[in-house]
Structures are given as C-alpha cells and as structure tokens.
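Chemist: Sharing a structure with you now.
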Amino acid sequence: MTATTHRFEAEVEQVLRLVIESLYSNREVFLRELVSNAADALDKLRFAAVTDPSLVPEGTSLAIRLVPDREAGTLTVWDDGIGMSREELVEHLGTIAKSGTRELAQKLAEAKESGDLSLIGQFGVGFYSAYLVADRVEVVSRKAGTGEAHRWTSDAKGTFTVEAAERDTHGTSVILHLAEAHREYLDPVRLRGLVERYSDYLSWPVELRTTKKQGDDYVEAFEKINQSSALWQRPRAQIEDDKARELYRHLTSDFDEPLAWRHFRVEGTQLFSGMLFVPRHAPWTMWQPEAKHGVRLYVKRVFIMDDAAELLPSWLRFVRGVVDSEDLPLNVSRELLQDSRVVTTIKKQLVKQTLDMLEELAKERPDDYATFWAAFGPVLKEALHAEPSRAAELAPLLRFHSSETEGPTSLAEAKARMKEGQPALYYVLGESLAQAQHSPHIEALRKKGYEVLYLVDPVDPFAIGALTEYDGTPLESASDAKPGEGDEAPDEDRGAALGDLRSRFRTKLQDEVSEVRLSARLVDSPVCLVMPPGGLPPHFERLLRATQKDLPKQKRILELNPSHPVIENLRRLLAEGKAVERVDEWIALLYDQAKIAEGTALDDPAAFTRRVTALLKDATERMAGG
Ligand code: ADP
C-alpha cells in the first residue's frame, strides 16, 4: 500500500500550537505524556485479554521501553500494548475525536487571546507534546490480534502521512527525531530522572535500553527503571506527594496539581483499595448532565473502565481517583455495577473517605478549602437535598456569605459570633448578594447586631430545608413566619393606633395575601411579605409555576412596619378622611414593592409604573413649586 497524506483537523493545529507556546519552558513533560499513553495501551490490552486471551501471545513483555539512539538522534517510546489500526492512527492522531476537547480547544484559544494561560492547566496535552522536543515524529503501530503494522509520520506542519510498515509485536513505537537543541533526552541519566519523577506510580515496568560492552561486542539489555507496582497498592508511608500528583495527572489529564488526595485500603468482608483526589478547578462539563465523571475502576490490578460513575453519588461528581477491587468479577459491566452489593459497600466507603478528606482540608488548609468551596461548594450542597439524613455530617463543611465577614464563613464561626441572647442562627435567601443584603426581612436582626447568612446560590433554597439546626442551635430563615408569631409581637398600642389602616390593607389585598399584621422584623422598610408556616417558598413557587400554569395563588402574610413614616402618614390620612382613593393606590404600590424585594415578578408591571409615575409627578411638582 502506498503512503497517503492527510491534513490535520484545524483544531489539532490549534492545540499543537498552544501546547508548544505554553509549555516551551517545561518541555520534559513530553516523556510523561507518552509513557502515560503507553501505560493506557497496556491497560486496554490486558482488559481485552480478559475475554480473548489470544491477544497476549507467548513472549509478550507487557512493558514500556525507552530506546535512545545517539547515532540516529532518536528517542523511541515503545510498548506492546493494544496498538492502533490504520484507521485509528488517522483518527486518534489526526483529529480531536474526544467529546469536550473541541470545546476546550476553543476555550484555550480564547483564553490565549486574553493572555490567561492558566487554562492550559485543565487540558491534557497528550501525544502532541512530542513536538516539544522533536522536529519529526513517527508512530509505528500494530493493533493486537492483527498482522499489519502502519507508520504515521508528521513534522506537524499541517499534514501527516500513513503507510504500511513492519513490526514484530503488537503495540506502538513513538519515534522522536529530536531537535538538535533537545538531544539531552538521549542521556540515560536524564531519562532515569524523568521516569523516577513522572512515571514511578505506574504498575507497568518502564525499561531503559542500555548497551554493555562484552568483549569486543556491545550487547543490548533492558533495565527496569521504575518500581512497577501500582501506587495505591503500596503502603501509605511509601506514597509520596509528588507520586500521588503524577497518578492524578495520569488519571485526569489535568496539568494542575490536585487540591487534596487520600489513599485508602479496606480489608473487611470486602477487599479494595484506591486513591481519591479533589481537583483544583471545576471542569467545563460540571453542569452538563451527560458529562462523564467517577473514578477509574480496576479489578485485581486489571483496568476495567474509566469514569465509573456508579461508585460515587452525583454530589461527589468532582472527585477523581482509582478504585481497585478484589471482589468484583473481571468481566464486570456498567449494568452489573448498578445493582451490585459490592458496589454499595465501595460507594459508602468512598463517600466517607471523601468527606474525611474534605474535613481535614478545611481544618488544616483553610485557604485551599476556600478554593475548593468556590469551585465545588454548589455541587456538595446538592447532598443536603439528595440525602437529607447527612445534614449533620455535612454541616461542618458548608460555607456561607455573611453580614459579618468578607468571604464565606462556616456555621461554627457564625455560632461563635452569636450575640448574648440571640436565639438562633439566621439566614436569608436571595438571588444575588445585593438582594439578600438589602432584604427587608433582616432589618431588625441587623439592628440588634445579629449575624445573617446570605444564601444566594441557586441550589440553596432546595438544600437549606434539610438543615434546621447546627450543633444544638436552631437555624432560621429571616423571611419565614414562626408558628404563634402574630400581631402582639411588636407594640400593641401602636398596633391599635393603626386602626382602620390595617382593615383597609386587608380589604384591598384580600385576594392577594392571607393576613395583614404588624411586623417585628422591619426597621427601614414600610412593608414586607413573609411565608406562612408550611407555605411554598417563593423560589419553589416560581419553579413550579414554570411547569404548572394553574398552580393556585400562594398567599403570603403582609407585614406592616408601624414605626415607618409612610405607614404613619397613611394612617393619619385615613383617620382624617383625606385622599382616600389615593390611599388604595399607595397600598397597591407598597404590596408591589414587597413582591419586588422578595424577587417575585409583578402581575401587572404597567400598573406599578403608572403609580410610581403619579408619585413622581406629585413630588416633582411640589419641588418645582407648581
Ligand atoms: P489522550 O491520551 O488524552 O486521549 P492523546 O493525544 O495523548 O490524548 O492520544 C490520543 C489517542 O491516541 C489516545 O486516546 C489513544 O487512543 C491513542 N494513542 C496514543 N498513544 C498510544 C499508544 N502508545 N498506544 C495505543 N494508542 C495510543
């Protein structure tokens, strides 16, 4: 077969360029990327051999070999893993087939324009990093179970060629024609150092080709230069931070370091071990329901699958890692995972390990925990809704905006700041920080100097319901009416003095609110709406109404602030029989104001505008002396 020439996909060129531009000061990572690909190819072969042992014939070494050749100026990364067919060479090395990568390439290009290259941290640089050190790369590959080999060649200038080739065993050789300036990667000492640093976590042997003089001849030998035992199988004391980091990179393609990691080994009725990682950034795909997540699953050291989502609840979908089970069958499928008792046990343990890891992070490295919270807090909070029974366990991990602090604070800190006589910890829900901060519901609390937590995340209204107390202290919403709370609350004499005004409000708004009463929570605002016990919170109502048009009107309680000048003036006007029709207009206006403050859309915005305009007209006329 003759050679064929192909053009790279446009995105590939973009990625290539970005990799080279952003990593030129860190070229040595190419070796880690190529060795990591080789290890994946060996993993895939061993997995395929579970059902078809003939794929691994006698004499297969299942190793990764580094072959420096000084005369040719080449470094070869060799493996006898799964290999690639002709079509696979074209597809895997010439296009960006992986979903998400295309989008990422786009984002990277945008980020580059804005000069922010930290995004490269979220991007697996992979095979193309070969061009950090090589002018030309050849890939000779033979797919396991087939007899044909092919050679892919490119100098990364827009095209690559593919042609028939020879290869003794299945697997892949990546032959790097090193640029003159990068011949240091032929030096055995340098190669050993890099493998020790970047690839020591791998369970596959990495061997370096050496030549020894025997008599007058040179003989070739392969020397193992890594430990070749899976990192998670080693005792905890022998797992160094940097090794864990490299395993994380291998699993995730995340160039950045993880925020935290944890090793575990469980030896009960079931045996399993593994490592868990918390990334530093949220992936692009965090809020895409179809996005992959979960850990990499091994069974007795045999790689089974990536993204085993069944092993983690969806509120821990940011966690990455590996789990190696001794009890699952080697031929386990995703379907089987879904109702396996073994999986239930593993999942329980992974949740426990993760929560312990987060608690430790919060305690020992609060700044890193804040980074974690900013990236993944909203996901973790889903747990309150999904598994309310975990509320007490999760409470110490939660962070909230607060009236008392610049950044997010914990419930423990808020509790420690409680004022003498403060009966509860208070929060208010809002769609933005500004809305929560200016909520009329918190005026009296703030005046008393009580702290208020601002819950402004879309998930908060659903999550917070599970949390009614923290460490023995009740947690209360500033906008809910408490059972038994009523008119008597603030100041009865004043209330009586309101006289007809309250009945006027009641009559005017009888279709809108369930009750009109005096408020103990208002200071600067004349009115507010509060939720009756057992009522449907505003956010919930909005959500339901979107799908259920005929949802009955949810009547809330309107509270009046008897000390407010507007209320006092209205009372006097009514008592003196002045401007009676306009009082009704102003009542409607106050009611609309209360709705706006709680974030509810007005039924008749035009009427609201008309009333405000009338007010402005009066005010401007008065000021202009008209
Ligand atoms: P990634 O490894 O993140 O998928 P790469 O650019 O490193 O991205 O590799 C692209 C694809 O090429 C891999 O997913 C794999 O299918 C294939 N590949 C790369 N190296 C090898 C290898 N040594 N053996 C078999 N397949 C390989």
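The values are calculated or read from the model by the stated rules, or taken from the named source; none is laboratory data. As the structure is a computational prediction, the values presented were derived from the model and not from experiment. So basically every Cβ, Gly included, is an ideal-geometry build from the backbone, and we count neighbours across all protein chains shown. Just so you know, the surface numbers come from the protein's heavy atoms only, side chains and all, with ligands and any DNA or RNA stripped out. Shrake-Rupley method; radii C 1.70, N 1.55, O 1.52, S 1.80 Å.
Chemist: Of the conditions (1) in a helix (DSSP H, G or I); (2) open to solvent by less than 50 Å² (accessible area, probe 1.4 Å); (3) out of contact with any strand residue (DSSP E or B) (no Cβ under 8 Å at 6 or more places or on another chain), R542 fails just one. Which one is it?
Modeler: It is condition (2) that R542 fails.
Chemist: Still on this model: Does segment 26-37 contain any residue that is part of a helix (DSSP H, G or I), under 22 Å from L330 (Cβ atoms), within 12 Å of the ligand (Cβ to nearest atom) and touching a strand residue (DSSP E or B) at 6+ places or on another chain (Cβ under 8 Å)? Show your work before the answer.
Modeler: Let us first name the residues in segment 26-37 that are part of a helix (DSSP H, G or I), namely 26, 29-37.
Subsequent filtering for residues that are under 22 Å from L330 (Cβ atoms) retains none.
No, there is no match, as no residue in segment 26-37 is part of a helix (DSSP H, G or I), under 22 Å from L330 (Cβ atoms), within 12 Å of the ligand (Cβ to nearest atom) and touching a strand residue (DSSP E or B) at 6+ places or on another chain (Cβ under 8 Å).
Chemist: Please work out which one of (1) within 35 Å of the chain's Cα centre (by Cα); (2) open to solvent by 50 Å² or more (accessible area, probe 1.4 Å); (3) among the small types (G, A, S) is the condition G59 fails and give its number.
Modeler: (1)
Chemist: Quick one: would you say F255 is of a type outside the set (D, E) and either part of a loop (DSSP other than H, G, I, E, B) or open to solvent by 10 Å² or more (accessible area, probe 1.4 Å) (or both)? I'd like the intermediate steps shown before the answer.
Modeler: Working: of a type outside the set (D, E): yes; either part of a loop (DSSP other than H, G, I, E, B) or open to solvent by 10 Å² or more (accessible area, probe 1.4 Å) (or both): yes.
So F255 fits the description; yes.
Chemist: Report yes if some residue within segment 228-247 is polar (S, T, N, Q), touching a Leu at 6+ places or on another chain (Cβ under 8 Å) and part of a loop (DSSP other than H, G, I, E, B); otherwise report no. Quick ask: steps written out before the conclusion?
Modeler: From segment 228-247, those polar (S, T, N, Q) are 228-229, 233, 238; that's our starting set.
If we keep only those that are touching a Leu at 6+ places or on another chain (Cβ under 8 Å) as well, we get 228.
Next cut, part of a loop (DSSP other than H, G, I, E, B) only: 228.
So far as segment 228-247 goes, yes, one or more of its residues are polar (S, T, N, Q), touching a Leu at 6+ places or on another chain (Cβ under 8 Å) and part of a loop (DSSP other than H, G, I, E, B).
Chemist: When you go through L176, L208, L108, L202 one by one, which is the residue that is open to solvent by less than 20 Å² (accessible area, probe 1.4 Å), out of contact with any Ser or Thr (no Cβ under 9 Å at 6 or more places or on another chain) and either modelled with pLDDT of 95 or more or on the phi < 0 side of the Ramachandran plot (or both)? Let's see the steps before the verdict.
Modeler: Values: L176 fails: out of contact with any Ser or Thr (no Cβ under 9 Å at 6 or more places or on another chain); L108 fails: out of contact with any Ser or Thr (no Cβ under 9 Å at 6 or more places or on another chain); L202 fails: out of contact with any Ser or Thr (no Cβ under 9 Å at 6 or more places or on another chain).
After applying the criteria, what remains is L208.
Chemist: Is it the case that V29 is open to solvent by less than 30 Å² (accessible area, probe 1.4 Å) and of a type in the set (V, I, T)?
Modeler: So V29 fits the description; yes.
Chemist: Checking R46 against (1) within 16 Å of the ligand (Cβ to nearest atom); (2) in a helix (DSSP H, G or I); (3) open to solvent by less than 60 Å² (accessible area, probe 1.4 Å), only one condition comes out false. Which one?
Modeler: Result: R46 fails condition (3) only.
Chemist: Which of the residues spanning segment 259-275 are among the small types (G, A, S) and open to solvent by less than 50 Å² (accessible area, probe 1.4 Å)? Steps first, answer last, please.
Modeler: Taking segment 259-275 and keeping what is among the small types (G, A, S), we get 260, 268, 273-274.
Residues satisfying the conditions are A260, S273, G274.
Chemist: Taking into account only those residues within segment 129-145 that are within 11 Å of the ligand (Cβ to nearest atom) and of a type outside the set (A, V, I, L, M), which is nearest to R46 (Cα to Cα)?
Modeler: So the residue we want is K143.
Chemist: Taking the stated definitions as given, is D256 in contact (Cβ under 8 Å) with a residue 24 or more places away in the chain and away from the ligand (no atom under 16 Å from the Cβ)? Quick ask: steps written out before the conclusion?
Modeler: Numbers: in contact (Cβ under 8 Å) with a residue 24 or more places away in the chain: yes; away from the ligand (no atom under 16 Å from the Cβ): no.
No, not satisfied.
Chemist: Among the numbered conditions (1) open to solvent by 30 Å² or more (accessible area, probe 1.4 Å); (2) farther than 19 Å from Q437 by Cα; (3) among the charged types (D, E, K, R), tell me where R556 comes up short.
Modeler: (1)
Chemist: Another question, if that's okay. Which residues, counting only those in segment 585-618, are hydroxyl-bearing (S, T, Y) and more than 26 Å from Q437 (Cβ to Cβ)? If you could, list the steps in order and put the result at the bottom.
Modeler: Quick first cut of segment 585-618, residues hydroxyl-bearing (S, T, Y) only: 591, 600, 609, 613.
Of everything in segment 585-618, just one residue is hydroxyl-bearing (S, T, Y) and more than 26 Å from Q437 (Cβ to Cβ), namely T613.
Chemist: If I ask for residues that are near the ligand (Cβ under 9 Å from one of its atoms), more than 19 Å from F30 (Cα to Cα) and open to solvent by 30 Å² or more (accessible area, probe 1.4 Å), which ones from segment 69-99 would you list?
Modeler: I82, M84, E88, E91, A97, K98, listed by residue number.
Chemist: Residue pairs, Cβ under 9 Å, 6 or more apart or interchain, first in segment 261-276 and in the same structural domain as R320 (by TED's automatic domain parsing), second open to solvent by 30 Å² or more (accessible area, probe 1.4 Å) and hydroxyl-bearing (S, T, Y). List them.
Modeler: Taking only residues 6 or more apart or on different chains, the pairs are V266/T345; G268/T345; T269/T345; Q270/T345; F272/T345.
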